[in-house]
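Read through the structure below, which is laid out as structure tokens, and then see the notes.
The values are calculated or read from the model by the stated rules, or taken from the named source; none is laboratory data. Because the structure is predicted, anything quoted here is derived from the model rather than measured. FYI the Cβ positions are ideal-geometry reconstructions off the backbone, even for glycines, and counts take in every protein chain you see. The accessibility values were calculated without ligands, DNA or RNA, using every heavy atom of the protein model including side chains. Shrake-Rupley method; radii C 1.70, N 1.55, O 1.52, S 1.80 Å.
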Amino acid sequence: MTLKNYTTLLILSILLISNAVFSQDKQLAKADENFDRFAYVDARKIYKKVAESGYSSVDLFQKLGDSYYFNAELDQAVIWYEKLITNYMEEVDPEYIFRYSQSLKNVKRYDEADKMMIKFNELSGSDQRAEFFINTRDYLNFIELQSGKFKLLKLTTNSKYSDYAPSFNNQGQLIFASSRGGSGMSKTVHEWNEMPFLDLFSSNIIEANGILQTPKKIKGKINSKFHESSTSFSKDGQTVYFTRNNYTKRRLGRNSKGNILLKIYRATLDGDKWTNIEELPFNDDEYSVAHPALSADGKKLYFASDMPGSTGLSDLYVVDINDDGTFGTPENLGDKINTEGRETFPYISDSGRLYFASDGHIGLGGLDVFVAVPEGDSFSIPYNVGKPVNGSTDDFTFVLNEETKIGYFASNRTGGKGYDDIYSFKQIGDLITSCNQYVSGVVTDANSKEIVSGAEVILLDDNNNEMQKTTTDEKGSYKFDLECETQYIVRATKSEYAPTEVLLPTNNVLEYEYKLPLQISKGGLQDNEVKEGDDLAKLLALQTIYFDLNKSNIRSDAEIELQKIIATLQEYPQLKIDVRSHTDSTAGDDYNMYLSEERAKNTINYIVNKGKIDKDRVTGRGYGETNLINKCENGVECSPEEHQLNRRSEFIVIK
């Protein structure tokens, strides 16, 4: 081959590669445009074609996964998230580790899903979803305990399309959203999932078994050429709140990115037709407001939104409905209910229970249904309602007639007739909706290991208020009932023994037993000749109270030892101590003196406030680096462990 021919071939090759790259970039740009307007199916087709050509990137795999994830096709999402995590773990946003975990649950790979949640917890900082997981590691056991409270019934009214969002009206009917054709003809498909747009239908309920008669499209101006879904009716049946695309007075509204979002509308009944349609005043073109749920008395409206101030992809809110039909200011339901994930589709039962769907609280995969019981003006922590309502797919739009015990929910689980299907059920058991935790253990002699009967065991709150008290039986056993998500102190004592304390923070698992053995040692102050100048910590054989570098806060390990100081001061009301706090030599002398003063102040405040000890019994001050216990003075090279020994507090007896 001549040089001229070789050069020509090289140029042609470069041109072909350049054209291919240009074509690929053009395809990705088109796919991104579709993705940004939620046309996930169209975007996915292009992304898959590019991926199959051998191209890969963080963005490509993320969007491919998302195109399935947000269409509730988690079994397909897991394929692309797996490629993302496998190839780009160090580059991905932690949110994708969470989504991968959720997708793994969908295919029932729970062990792998849990490992991803552990990783998510390491990377995400203070994300509530991670905290919920860490605090409920035995969630599968609890869900099994909660399961079996509902029996699924047969329902034949689903279509081959999407049917969901059931609600009750006052005429013995179930109203629901469906993308089936109203009169044998399908409407234009929506580019999100290539399903026809949703309309509202009604079916008469045969109350004995929850069977639905043939659905009919509801009359009036509610149904438009765009989406309508999720309704909630007033008790008199004259008012309905419903969700619709941003379509008011035949005008389609879009946000600043050109997307059509959701709004809540209100309509009134005129004869047998719904008229006087108006959108609610707290709607906005820039965020979605959707899925209304009226309280039983009609004075509050609950809904889902991603409005400013939301924690996650969607949060639950409540707004007051005034007597004149106007509205108050929407309020977020708070971090007991809302997470950084999706909380959506609320329903308020006649007893005031809040049922909703979430993928932020710990469940079996996708959206799970949760229940929270009313507590004054708020709600309890949410509880998973268990199987068979919840499974590894999306389960949502739960409603329940508490009188007949008949209810309905929607799911995209396998075995259904369409994209989403409505399932009916009968409640056959009571859900666990209150905490049932307790702590039990055996008190033994720390030296002989023998059982100590007749020991007094006290349960205190974290402010040292006595909550419960008991005496160990002949087997040395004790037991206390506990509340969820509360910090306790368990104290054991007996004559001729020094008291011992253990901090016990409880989790949010409903059914949980803490095994807490306690050891007490013979001795204490009564067996010692206490003199002024003695270090109380040494007399009680306490662990040294240490501080972190450059910090003055009380560490959790120090709290345990300080509780023993408090117990001793409470037992001996004439005892007075002087707290002497110290630093290492790693900073300047003046700063170290200031830092030690802060340490002494915080230590004294902890003892006085937590133990309710008179202030005149606990004095103290800081000594900076003037009383080092080793060689680590200024200019001497020491290890971090050696410096740590100097960052301490002492408790000197002065009376």
Query raised in the report: Could you give the radius of gyration (one decimal) and Dmax (whole number) of the Cα atoms in the chain, in Å?
Result: 32.2, 107
Query raised in the report: So if R0 is 56 Å, what FRET efficiency would K601 and N141 give, r being the distance between their Cβ atoms, rounded to the nearest 0.05?
Result: 0.80
Query - Solvent-accessible heavy-atom area per residue, rounded to whole Å², over the chain at 1.4 Å - result: 47
Query raised in the report: What translational diffusion coefficient, in µm²/s and rounded to a whole number, does the Stokes-Einstein relation yield for segment 340-494 at 37 °C and a viscosity of 0.692 mPa s, taking the hydrodynamic radius as the Kirkwood radius over Cα pairs?
Result: 174
Requested in this report: Roll a 1.4 Å probe over the protein heavy atoms and report the accessible area of T248 in Å², nearest 10.
Outcome: 30
Report summary line: Here the relative contact order (percent) of segment 392-513, from C-alpha pairs under 8 Å and at least 6 apart, is 21
Query raised in the report: Mean shadow of segment 510-655, computed from the convex hull of its alpha carbons, in nm²?
Result: 11.0
**Report entry** Area of K494 that stays accessible when all protein chains are in place (1.4 Å probe, Å², to 10)
**Finding:** 70
Requested in this report: Using only C-alpha atoms and all pairs of different ones, pull out the Kirkwood radius for segment 264-347 in Å with one decimal.
Outcome: 13.5
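What fraction, in whole percent, of alpha-carbon pairs in segment 537-609 exceed 17 Å separation? Working shown, then result.
Numbers: 1180 of 2628 pairs.
Of all Cα-Cα distances in segment 537-609, 45 percent exceed 17 Å.
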Query - Protein accessible area in the chain, 1.4 Å probe - carbon and sulfur % - result: 49
Report summary line: Here the cysteines of the chain without any disulfide-compatible Cβ partner under 4.7 Å are none
Query raised in the report: Taking segment 81-161, how much of its Cα-Cα pair set, in percent, is spaced more than 17 angstrom apart?
Result: 57
Report summary line: Per the rule of 0.36 nm per residue minus the C-alpha distance, extending D590 to E403 adds in nm 60.1 nm
Query raised in the report: Can you tell me the Rg and the Dmax, both Å, for the Cα atoms in segment 400-482?
Result: 24.5, 69
Query - Two-site FRET efficiency, E112 against T619, from Cβ-Cβ distance with R₀ of 41 Å, rounded to 0.05 - result: 0.10
Query raised in the report: If you project the alpha carbons of segment 415-544 onto the principal axes, what extent comes out on each, in Å, largest first?
Result: 82, 33, 25
Query - S453 versus T326: modelled label distance in nm, points set 7 Å from Cα along the beta carbon direction - result: 7.3
Report task. Heavy atoms only, probe 1.4 angstrom, no DNA, RNA or ligands counted: give me R251, R648 ranked by accessible area, highest first. Result -> R251, R648
Requested in this report: Give, rounded to the nearest 20 debye, the magnitude of the charge dipole that segment 559-607 has about its Cα centre when Lys and Arg contribute +1 at Cβ and Asp and Glu contribute -1 at Cβ.
Outcome: 220
Report summary line: Whole-Å distance linking the alpha carbon centroid of segment 339-396 with that of segment 568-589 is 49
**Report entry** Charge dipole (the chain, unit charges on Cβ, about Cα centre) - positive-most of A165, P346, T433
**Finding:** A165
Query raised in the report: Does anyone have the angle between helix 3-36 and the longest principal axis of the chain? Alpha-carbon axes, 0 to 90°, nearest 10?
Result: 80
Report summary line: With Rh as the Kirkwood radius over Cα pairs, segment 12-163 has Rg/Rh of 1.09
